[in-house]
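Q: Pasting in a structure now, in C-alpha cells, and then I'll have a few things to ask.
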Amino acid sequence: MRKALRWLLALTVLIGTLSTAGVATAAQAGQVTDIKDQLLAIPGMSLVQEKPYTGYRYFVLNYTQPIDHRHPSKGTFQQRITVLHKDVSRPTVFYTSGYNVSTTPSRSEPTRIADANQVSLEYRYFTPSRPEPADWTKLDIWQAASDQHRVFKALKSIYTRNWIATGGSKGGMTATYFERFYPHDMDGVVAYVAPNDVVNNEDSAYDRFFTKVGTKECRDRLDAVQREALVRREPLEKKYAAYAAENGFTFTTVGSLDKAYEAVVLDYVWGFWQYSLLSDCATIPANAQAATDDEIWTSVDTISGFSFYTDQGLSPYTPYYYQAGTQLGAPTVQFPYIEKKYIRYGYQPPRNFVPRSIPMKFQPGAMRDVDSWVRHHADHMLFVYGQNDPWGAERFAVGKGAKDSYVFTAPGLNHGANVAALTADQKALATARILAWAGVPAATTAQAKPLAPYDARLDRQGVEREPTLRP
C-alpha cells in the first residue's frame, strides 16, 4: 500500500506541482490518516520542521508557488507556511501578518475564539519566501492574494469546515485584499487595525488625529521632546555616528546619517501612540529643555529606534516599503509645533527606504478599488481599530451595500487593539459573529465566548513591537 501511495504521489508531482486540481489525497480514500502525511501528500508541499505542542500538531512547511500567477510556467519559489493543527473537524483560521511568518506556535484571537486550526502564511518576497532573482514587479496585492487562494484550495481538501481570514495591521490589510480578489474562499474576515490609505497625497486625517489623541499634557510632552531632538541635532548626531560605527551600521539606502536621524526623530510621536498607552506618558521627560542629551536620546531610541533607518534595519522591510511606494501608500504628517528651520526633509517617501536598484512606480487606483469594494460588497467582515492608534486615522468603512459587516473601535487602545478590548456589547456581538462565520454559533450573542481556554504561550496579548511608521 505504501509503495502504491508513493507511486501515486510521484505521478502527481510529475504531472505538475503547480496544479491544485488533483489535491485529493490518499486520506480522502481512507488510506492516510496521519495529518502530517495528509499535508505532505499535497503536490508542492514539503516539511521543514515539526514542533510538538500540547493539544496540537505544529508544522513548518514550504509550498511551491508560481512567481507570477498569471503565467505559472515562468518559474516558482518556495513560500513558507505553518499549520497549527487541532482537528480536521474544527474550523480553520487563515492568518498572515503581511510580513514574515513566525515559526513559534501561536494563536490569533479568532483561532482561540473558534477553537480552530490555524494556517499562517509568510507574505511573498519576505525572506526566505522570495524568488531568486527577485522580479519585484510581481510583488503586488493581487499576486499575494493569489498565493493565499492557492494555499486555501490545497488545504481545503483536508480542512473541510469553515475558514476565516485574519491578520493585524498589514496582515489586516492582506486579509482584506484576499477577500476583495477571492470573495468566495473565506466564510468570514477579521481584520485588526488595518490602514486604508485611499488617496495617498491627502493625509490631513493624521494631522487631525494628532491634535486630539490622548491628553494635551501628554501631547505637549511628546512634541517638546521631538522638537528638542531636532534642536540638539549636532550633538546627538555625533552620538549617532559613534553608535553606528560601534555596530557597523551604514546609510546607503536612505542616503545619509542626517536623513536617518531626522526620520527616527520624526517617527517619535507616531511611534509612542502606536505602541504605548496614555498611562505611559509618565515615562516621557516632563521638561524637554531641561533634559540631558542622554535623556532625549534614550527616549527617542526607546520609542523610534535609532537602528531602524540604517541599511541593516531597513533591509528586512524592503518588500513593505516597495509596496507602500507602489500600491499601499504611506502617511505624511505635518509638525506645526516645530520651526521649519529644524526640519530638513520631513516625512520621507517609501522610495527613500528601498535600494535604488529596484524600480518603483505608484499605482493610485489600487487602494481606491479595494476601498470601494469593501464599502459596497463587504460580507461577513469585521474591522477592529484602537482609539489611540495613528493607523486608524485612515480606516476601512462599510456602506449600505455591505452585509453582516462591522467596524468597531477599542477605547483607549493602540495598535494592539482586539475584540477582547471592545466595549461589552461590541465584544459580545463580534465574538458571536466570528463563531457564526466559523460554523460554531453560540446559543445567543450574550453567551458568545471564546471556545478555547487561554494559553499564556499561544495567546500572547498586546502589540508586537515593530519598527515605527509601518503597519
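We did not get these values from a lab; they are worked out from the coordinates using the rules stated. These numbers were taken from a predicted model, which means no experiment stands behind them. Glycine also receives a Cβ, built like all others from the backbone with ideal geometry; neighbour counts cover every protein chain displayed.
Q: Which of the residue pairs 153/403; 239/341; 36/86; 36/156; 36/449; 259/341 have a Cα-Cα distance greater than 19 Å in the structure shown? Numbers along the way, then the final one.
A: Numbers: 153/403 25 Å; 239/341 22 Å; 36/86 12 Å; 36/156 15 Å; 36/449 31 Å; 259/341 15 Å.
Cα-Cα > 19 Å for 153/403; 239/341; 36/449; rest within.
Q: Could I ask something else about it? Could you order the peptides 267-274, 145-152 from most to least packed, using the average number of other C-beta atoms within 10 Å per residue? Each step should come with its number before you reach the end.
A: Values: 267-274: 24.8, 145-152: 21.5.
Going from most to least packed, we get 267-274, 145-152.
Q: Here is a further query. Candidates [x] 23.3, 66; [y] 25.4, 97; [z] 23.3, 79; which is the computed Rg and Dmax of the Cα atoms in Å?
A: It is the value labelled [z].
Q: Take the Cα coordinates of the range 268-403, assign each an equal point scatterer, and use the Debye formula without solvent to give log10 I(q)/I(0) at q = 0.09, 0.11, 0.12, 0.14 Å⁻¹.
A: After summing over all Cα pairs, the log10 values are -0.41, -0.60, -0.70, -0.92.
Q: Taking a cut-off of 19 Å between Cα atoms, list the lysines near residue 170, but don't count ones fewer than 8 places away on the same chain.
A: List returned: 138.
Q: If I fit a long axis through the Cα atoms of helix 216-231 and take the longest principal axis of the Cα atoms of the chain, what angle between them do I get, 0 to 90°, rounded to 10?
A: That works out to roughly 70 degrees.
Q: Further question: By how many degrees, between 0 and 90 and to the nearest 10, does the Cα long axis of helix 365-377 differ from the longest principal axis of the chain?
A: 60
Q: A further question follows. So for each of 413-424, 169-180 I average, over its residues, the number of other beta carbons within 10 Å; can you give me the resulting order with the highest mean first?
A: Values: 413-424: 20.1, 169-180: 26.1.
The densest-packed peptide leads the list: 169-180, 413-424.
Q: When the Debye formula is applied to the Cα atoms of the range 356-471, each taken as the same point scatterer, what base-10 log of I(q)/I(0) results at q = 0.10, 0.14 Å⁻¹?
A: -0.41, -0.75
Q: Tabulate in residue order the Karplus-calculated ³J(HN,Hα) for the range 255-264, using 6.51 cos²θ - 1.76 cosθ + 1.60 with θ = phi - 60°, rounded to whole Hz; enter x for Gly and Pro.
A: For the range 255-264, the Karplus curve yields x, 6, 4, 4, 5, 5, 4, 5, 4, 5 Hz.
Q: Under 5 Å between amide H atoms, partner at least 5 residues away or on a different chain: which partners does residue 385 have, H built in plane at 1.01 Å?
A: Here 193, 408, 409, 410 satisfy the definition.
Q: For the ranges 402-408, 211-217, what's the packing order if you count other beta-carbon atoms within 10 Å of each residue, average per peptide, and put the highest first? Numbers along the way, then the final one.
A: Details: 402-408: 16.9, 211-217: 12.7.
Most protected by this proxy first, the peptides run 402-408, 211-217.
Q: Now for a separate question. For residue 51, give me every one of the aspartates and glutamates with a C-alpha distance below 16 angstrom, ignoring sequence neighbours fewer than eight places off in its own chain.
A: Answer for residue 51, where 16 Å is the Cα cut-off: 34, 37, listed by chain and number.
Q: Which residue, chosen from 242, 136, 336, occupies the Cα position most advanced towards the positive end of the dipole of the chain, where the dipole is computed from +1 (Lys, Arg) and -1 (Asp, Glu) charges on Cβ about the Cα centre?
A: 136
Q: Another one. When DSSP assigns beta bridges and you keep just the ones with both residues in the range 82-177, what percent turn out antiparallel, to the nearest 5?
A: Details: 3 of 11 bridges.
Roughly 25 percent of the beta bridges in the range 82-177 run antiparallel, per DSSP.
Q: Taking the alpha-carbon distance from residue 427 and a cut-off under 13 Å, which aspartates and glutamates remain once sequence neighbours fewer than 8 residues away in the same chain are dropped?
A: Reachable aspartates and glutamates: 109.
Q: Considering only DSSP beta bridges whose two residues both sit in the chain, what percent are antiparallel, to the nearest 5? Provide the component values of the computation, followed by the final result.
A: On the way: 23 of 46 bridges.
Approximately 50 percent, going by the DSSP bridge assignments.
Q: Any idea what the relative contact order of the chain is, in percent, if you count C-alpha pairs under 8 Å spaced at least 6 apart? Could you put the intermediate results ahead of the total?
A: Values: 881 pairs, mean separation 74.8, N = 471.
Computed value for the chain: 16 percent relative contact order.
Q: Which value does Rg/Rh take for the range 57-170 over its C-alpha atoms, Rh per Kirkwood?
A: Details: Rg = 13.9 Å, Rh = 14.4 Å.
Rg/Rh: 0.96.
Q: Okay, next question. With the dipole of the chain worked out from charges on the C-beta (+1 for Lys and Arg, -1 for Asp and Glu) around the Cα centre, which of 43, 71, 423 lies farthest toward the positive end?
A: Of 43, 71, 423, it is 43.
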